[in-house]
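K.L.:
Have a look at this one before I ask anything.
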Amino acid sequence: MDSPVLLIAAPYDEATVKAIQDGFSKQYGKELDFEVVEDNKIIGGFIAIIDGKVHDASFSSRLYEISRQLSE
């Protein structure tokens, strides 16, 4: 298993990272220790990659989804 990765927008604090880590640890039923990568392409929010699965909670993906729904 690869180490889970957390791509996160700056600025962020350790409390935010811990809350995200705790939430995913509970969801997956095991302790997760993220490799944290600051990504300036993310407007806000984060993208977590765990066991090859992408959990996208970035603002840019949410904005894309809203614009896609409005254009339907």
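The values are calculated or read from the model by the stated rules, or taken from the named source; none is laboratory data. All values reported here derive from a predicted model rather than from experimental measurement. Neighbour counts are summed over all protein chains in view; Cβ atoms, including those assigned to glycine, are modelled from backbone coordinates with ideal geometry.
K.L.:
Please determine whether any residue of the stretch 1-15 is assigned to a helix (DSSP H, G or I) and either of a type in the set (A, V, I, L, M) or at positive phi (or both).
P.N.:
Yes, that holds for at least one residue.
K.L.:
Any idea which residue in the stretch 39-53 is surrounded by the most Cβ atoms within 10 Å (Cβ to Cβ), counting only those that are modelled with pLDDT of 95 or more and of a type outside the set (A, V, I, L, M)?
P.N.:
Phe46
K.L.:
Looking at the stretch 16-72, which of its residues are part of a helix (DSSP H, G or I), within 11 Å of the chain's Cα centre (by Cα) and aromatic (Phe, Trp, Tyr)?
P.N.:
Of everything in the stretch 16-72, those that are part of a helix (DSSP H, G or I), within 11 Å of the chain's Cα centre (by Cα) and aromatic (Phe, Trp, Tyr) turn out to be Phe24, Phe59.
K.L.:
Another question about this same structure. Looking at Gly29, is it on the phi > 0 side of the Ramachandran plot and surrounded by fewer than 16 Cβ atoms within 10 Å (Cβ to Cβ)?
P.N.:
Yes, satisfied.
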